[in-house]
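Student: One structure coming up, written as structure tokens, with questions to follow.
The values are calculated or read from the model by the stated rules, or taken from the named source; none is laboratory data. Small disclaimer: the values here were computed from a predicted structure and weren't measured. Here Cβ is always computed from backbone atoms with ideal geometry, including for glycine, and neighbour counts include all displayed protein chains.
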Amino acid sequence: MDWDEYIKWGEEVVHWGSNYRKNIRNFPVRSQNKPGDTYNSIPASPPEKPEPIENIFDDFNNLIMPGITHWQHPRFFAYFPSNAAPASVLAEMLANTIGSQCMLWQTSPAATELEEKIIDWLRVSMGLPNGFKGIIQDTASSATLTAVLTMREKSLNWTGNKTGLSGRSRLRIYASEEVHSSIDRAIWFSGIGEENLVRIPVYGELRSMDPEKLKNAIDQDKKNGFLPAGIIAATGGTSSGSCDNINLIGDIASKEKLYFHVDAAWAGSAMICSEFRKLWAGIEKADSIVFNPHKWLGAQFDCSVQFLKDPVIQKNTLSISPEYLKTKGIEGITNLSDYTIQLGRRFRSLKLWFLMRAEGMSGLRTVIRNHVKWTEKLYLKIKDLENIEITTPPILSLFTFRFVKSGISDNDELNERILREINDEGKIYLTPTKVNNNYVIRFTAGTFEMDEKDLHVAYDCIKEKSERISL
Ligand SMILES: *Cc1c(COP(=O)(O)O)cnc(C)c1O
């Protein structure tokens with residue numbers, strides 16, 4: 001394919017994209033494919049001779065699209081929506097076209113410097129104090145892993161990378177019992193071991209880990225000769241939106257001199273609205289904070305921001321400079337790959353720059369406020385339905401509920417079945433979680449192009465299922 005043909009097909013792609021997104025409500029939200037449908041439709045081996053793009057494009061429409069779950073669908077109420085607002089899609093096309101590798105300052109100075117500026121734009125927009133710097137990573141999982149590695153190295157006085165963990169005191173990391181699986185994996189990959197992730201029980205409306213129990217666990221561990229290394233708190237846990245008490249936990253972290261990481265992968269975006277910042281009051285006490293603009297802020301996946309109070313600590317953990325990466329004779333520059341696990345870096349700040357300018361911060365705040373407001377309305381209506389029990393009330397735009405039928409004890413099976421029916425119908429898409437060991441259904445609003453009418457569809461759909469239970 002040459003660059004003249006690229007123009008023709010590039011135009012085709014943007015027209016296709018605009019039509020797709022404008023008419024996306026016509027698709028079932030979750031793909032209705034059966035396992036193997038796509039795999040079996042693709043030939044066993046690649047073509048020897050070039051094929052016309054026209055044929056490839058046709059196959060894309062006919063073979064691939066049916067196997068797509070439409071994450072940009074306005075009635076995607078599952079997981080956490082991962083938005084791709086049009087301005088960010090455009091920026092991503094530009095970044096992909098340039099095709100730069102932005103690992104060092106000199107491998108694209110604009111990418112490094114725009115990233116530094118955008119981090120500061122976000123810091124100010126979210127009300128974080130002056131002094132927090134940061135980087136853009138691919139996902140929250142990577143950011144959390146870097147934070148856990150930093151906890152490990154800091155607590156071992158930067159000797160773990162050299163000598164490994166064997167023959168040392170057991171390192172301990174503390175988190176709520178509702179932590180995201182990315183934290184378990186960070187504990188595995190850092191060599192600390194899952195048994196050393198201490199899960200603190202939650203309490204209260206916001207389901208915060210209990211600070212008293214946290215303090216006791218740390219004291220107990222010290223008595224037992226273990227080495228406390230860090231605390232991971234969450235603002236907006238994935239399961240039911242739980243928010244740890246950052247203020248009190250931050251005090252414990254600073255008293256115990258423990259590195260303190262906050263996972264706000266989803267809820268962080270809401271902090272551009274000052275009225276929601278009470279959910280992470282005390283956030284200035286964190287050493288590291290991660291949030292995903294690729295979730296609620298509208299930036300195309302992947303885009304995860306990690307704020308760092310003292311970036312040098314993370315740099316001391318991860319920086320390595322073999323001869324071929326040294327940048328001789330340039331002072332005052334930052335090589336952002338010193339702060340991440342991967343050497344290679346995509347040009348991710350470009351889409352945030354396009355997005356924040358094209359929507360304006362007030363536009364982005366309006367989107368988030370609407371989602372929270374509409375979720376509250378839906379919750380109030382669903383709460384009143386018969387055969388439905390609210391299991392956790394809304395935190396921002398997330399609540400959980402389940403269908404109940406009097407006289408039957410195994411509601412889990414009932415909820416699994418109804419959820420499958422709802423998703424097979426494809427009008428809306430919901431996913432499950434566990435609350436107090438019960439199988440429950442999550443509802444979360446967060447796609448950029450949804451409006452209140454989409455919530456009416458969700459209500460009708462849930463209401464119809466609840467009425468059929470009595471029949
Ligand atoms: C989504 C999410 C994650 C994982 O994010 P990735 O970017 O996919 O790694 C971690 N923690 C919370 C609270 C999340 O909502």
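Student: Sort out which residues of segment 85-104 are in a loop (DSSP other than H, G, I, E, B) and surrounded by fewer than 20 Cβ atoms within 10 Å (Cβ to Cβ), and write them in order of number.
Tutor: 99, 100, 101
Student: Find all pairs meeting these conditions: Cβ atoms under 7 angstrom apart; at least six residues apart or on different chains; first residue within segment 177-200 and touching a residue at least 12 places away in the same chain (Cβ under 8 Å) and more than 20 Å from residue 217 (Cα to Cα); second residue β-branched (Val, Ile, Thr) and assigned to a helix (DSSP H, G or I).
Tutor: 182/144; 186/144; 186/148; 190/148
Student: Among the numbered criteria (1) farther than 30 Å from residue 393 by Cβ; (2) at pLDDT 95 or above, which single criterion is violated by residue 162?
Tutor: (2)
Student: Can you tell me which residues in segment 280-307 are part of a helix (DSSP H, G or I) and buried (at least 24 other Cβ atoms within 10 Å of the Cβ)?
Tutor: Residues satisfying the conditions are 280, 283, 293, 294, 295, 296, 297.
Student: Right, here's the next one. Counting just the residues of segment 263-292 that are more than 16 Å from the ligand (Cβ to nearest atom) and among the small types (Gly, Ala, Ser), which one comes out farthest from residue 140 (Cα to Cα)?
Tutor: 274
Student: For residue 118, state whether it is over 21 Å from residue 281 (Cα atoms), of a type outside the set (Gly, Ala, Ser) and part of a strand (DSSP E or B).
Tutor: Values: over 21 Å from residue 281 (Cα atoms): yes; of a type outside the set (Gly, Ala, Ser): yes; part of a strand (DSSP E or B): no.
So residue 118 does not fit the description; no.
Student: Identify, please: which residue in segment 14-58 is in contact with a Gly (Cβ under 9 Å, 6 or more places away or on another chain) and among the hydrophobic types (A, V, I, L, M, F, W, C) and is, among those, surrounded by the fewest Cβ atoms within 10 Å (Cβ to Cβ)?
Tutor: The qualifying residue surrounded by the fewest Cβ atoms within 10 Å (Cβ to Cβ) is 27.
Student: Which of the residues spanning segment 115-174 are within 27 Å of residue 80 (Cβ to Cβ), among the polar types (S, T, N, Q) and away from the ligand (no atom under 16 Å from the Cβ)?
Tutor: Within segment 115-174, 125, 150 qualify.
Student: Which of the residues that make up segment 148-165 are within 20 Å of residue 263 (Cα to Cα) and of a type outside the set (Ser, Thr, Tyr)?
Tutor: Result: 148, 149, 151, 152, 153, 154.
Student: While we're on this one: Are there any pairs with C-beta distances below 9 angstrom linking a residue in segment 65-80 that is under 10 Å from residue 428 (Cβ atoms) and part of a strand (DSSP E or B) to a residue that is among the aliphatic types (A, V, I, L, M) and more than 16 Å from the ligand (Cβ to nearest atom), with the two at least 6 apart or on different chains, and if so which?
Tutor: Filtered contacts from segment 65-80: 76/29; 76/428; 76/450.
Student: Next question, about the same structure. For segment 199-244, what are the residues that are aliphatic (A, V, I, L, M), within 20 Å of residue 143 (Cα to Cα) and away from the ligand (no atom under 14 Å from the Cβ)?
Tutor: 229, 231
Student: Working only within segment 418-444, note down all residues that are among the β-branched types (Val, Ile, Thr) and under 15 Å from residue 399 (Cβ atoms).
Tutor: 428, 431, 433, 435, 440, 441, 444
Student: Right, something else. When the residues of segment 437-471 are narrowed to those that are charged (D, E, K, R) and surrounded by 15 or more Cβ atoms within 10 Å (Cβ to Cβ), which ends up nearest to the chain's Cα centre (by Cα)?
Tutor: Among those that are charged (D, E, K, R) and surrounded by 15 or more Cβ atoms within 10 Å (Cβ to Cβ), it is 442.
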